[in-house]
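So the structure is just underneath, and the comments pick up after that.
The values are calculated or read from the model by the stated rules, or taken from the named source; none is laboratory data. Predicted, not measured: the structure shown is a model, and the values here were computed from it. Here the Cβ is made from the backbone with ideal geometry for all residues, glycine too, and neighbour counts use every protein chain on show. With ligands, DNA and RNA removed, areas are computed over all heavy atoms of the protein, side chains included. Shrake-Rupley method; radii C 1.70, N 1.55, O 1.52, S 1.80 Å.
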Amino acid sequence: MKRLSFTACLCMGLLAASLPLFAQYTYHNASAFPVWGKATPETSNRYARLPDSLEQVSRAPLWNLAMNSAGLSVRFRSNSTAIAARWELLFDNHMNHMTDTGVKGLDLYCLEGEEWRFVNTARPRGKKNEIVIVSSMEPREREYMLCLPLYDGILSLEIGVDSLAIIAPPAIEWPRRHKPVVFYGTSILQGGCASRPGMAHTHILSRWFNREMINLGFSGNGQLDMEIAPVIAGVDASVFVLDFVPNASVEQMEERMEAFYRVIREKHPSTPILFVEDPVFTHTRYDRRIAEEVKRKNETLQCIFAAMQEQGEKYIYLLPSERMIGTDGEATVDGIHFTDVGFMRYAELLREVLSPWLLAGEQDDRKTEN
């Protein structure tokens, strides 16, 4: 009996020791802090990506993917010695080729000077989660960015800090929100299969450029649905990146590509619009059917693009796929979806392409301010 009592006391002591882990924090609803990466504010769920008006218009798979928080992040500042998170997922999705941290976890970044530094990941454990992301920090005020799940939605999100610490909206509007870059595309754009949210290429580029990036990637459903074009056109962007070829069929491109483009161009007559070729997937080296499909799609894109140029369209650009993910075959999980290596390589290529436009825009902004 004495041994049993000792064991019971030991268990109770261990339980008591673990309770303050969360009890010491005060949680604040993340709705008090701004969300970066949204194309429109017209969503009843603040972590959704398409306006409520499209719920009865869009195809069901497309609408469900719009409820995923891919590319979104919450910005705040705090002097807390620890940052915790409590969040409830919309679906509690799980995939056999992508980590749960990428699908439904959170990534915390901290601003050091002018550079965003990775702090840690909140690893999900189920539909409802409560995780201490970092602790034992010096109690000084810092600017934070919390990257949200790539392949799941969020019903609720709270940020936990020390009970006596302050937590407030950001004092610095970084990444810059003026003239964001808008991306439209497929599962790769949505973030498949980054190991964690911050490794999706739109997040990588946002940190590198310190510029807001808007991610309208819809896994398997970047098919030039015409109702998406006005959402894209509704953003006062510096560049539009149209990366739909992996999902759109040749027939869909021939039928919709130019019409989709013209909806955007009508509202933005001189904004650069970048069309992106289908990646040369690693298994096209062996799979002849896939190799032929990629070749046919890219030839269709090139043909339509050339015809638009001949019609006098300006400020349109085409990004070839040759340098997109390297040539060693090690940039994908499954022959198609990118690993973190693939995302870094793609981001490096896009940084090279986007830099002249974004840097020129910054110079124009400075002239206007002066």
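When Leu350 is tested against (1) modelled with pLDDT under 95; (2) crowded, with 20+ Cβ neighbours inside 10 Å, exactly one condition is not met: (1). Note on the range 186-257: enclosed helices (runs of 4 or more DSSP H) holding 3 or more residues that are open to solvent by 10 Å² or more (accessible area, probe 1.4 Å) and modelled with pLDDT of 95 or more are 201-209. When the range 277-306 is limited to residues that are part of a loop (DSSP other than H, G, I, E, B) and hydrophobic (A, V, I, L, M, F, W, C), the one that is surrounded by the fewest Cβ atoms within 10 Å (Cβ to Cβ) turns out to be Val280.
If you take the residues in the range 88-116 that are in a strand (DSSP E or B) and in contact with a strand residue (DSSP E or B) (Cβ under 6 Å, 6 or more places away or on another chain), which one is surrounded by the fewest Cβ atoms within 10 Å (Cβ to Cβ)? Among them, the one singled out is Glu88.
Just checking, which of Leu50, Leu65 is under 16 Å from Gly185 (Cα atoms), assigned to a helix (DSSP H, G or I), at pLDDT 95 or above and of a type outside the set (Val, Ile, Thr)? So the residue among Leu50, Leu65 that is under 16 Å from Gly185 (Cα atoms), assigned to a helix (DSSP H, G or I), at pLDDT 95 or above and of a type outside the set (Val, Ile, Thr) is Leu65. Taking residues in the range 132-158 that are of a type in the set (Ser, Thr, Tyr), and partners anywhere that are open to solvent by less than 30 Å² (accessible area, probe 1.4 Å), the pairs with Cβ atoms closer than 6 Å and at least 6 places apart or on different chains are Ser135/Ala82; Tyr144/Phe76; Tyr144/Cys110; Tyr151/Asn68; Tyr151/Val103. Hey, any hits in the range 307-317 for a residue that's in contact (Cβ under 8 Å) with a residue 40 or more places away in the chain, part of a loop (DSSP other than H, G, I, E, B) and under 18 Å from Ala248 (Cβ atoms)? Within the range 307-317 (the criterion being in contact (Cβ under 8 Å) with a residue 40 or more places away in the chain, part of a loop (DSSP other than H, G, I, E, B) and under 18 Å from Ala248 (Cβ atoms)), the answer is no, since none of the residues qualifies.
As a summary of the residue check, Ala85 satisfies the conditions (1) free of Cβ contacts under 8 Å to residues at least 12 places away in the same chain; (2) small (Gly, Ala, Ser); (3) not in a helix (DSSP H, G or I) except for the one numbered (1). Looking only at residues of the range 126-164 that are of a type in the set (S, T, N, Q) and outside any loop (DSSP other than H, G, I, E, B), we find that the one that is least open to solvent (accessible area, probe 1.4 Å) is Asn129. Take Gly191 and tell me if it is among the small types (Gly, Ala, Ser) and in contact with a helix residue (DSSP H, G or I) (Cβ under 9 Å, 6 or more places away or on another chain). Taking the combined requirement at face value, the residue satisfies it. Examine the range 138-146 for a residue that is under 12 Å from the mean Cα position of the chain (by Cα) and within 26 Å of Gly335 (Cα to Cα), and state whether such a residue exists. No, the conditions are met nowhere in the range 138-146. I want to confirm something. Restricting to the range 319-348 and keeping residues that are hydrophobic (A, V, I, L, M, F, W, C) and part of a helix (DSSP H, G or I), which single residue is farthest from Pro272 (Cα to Cα)? Across the range 319-348, the extreme among qualifying residues is Val341.
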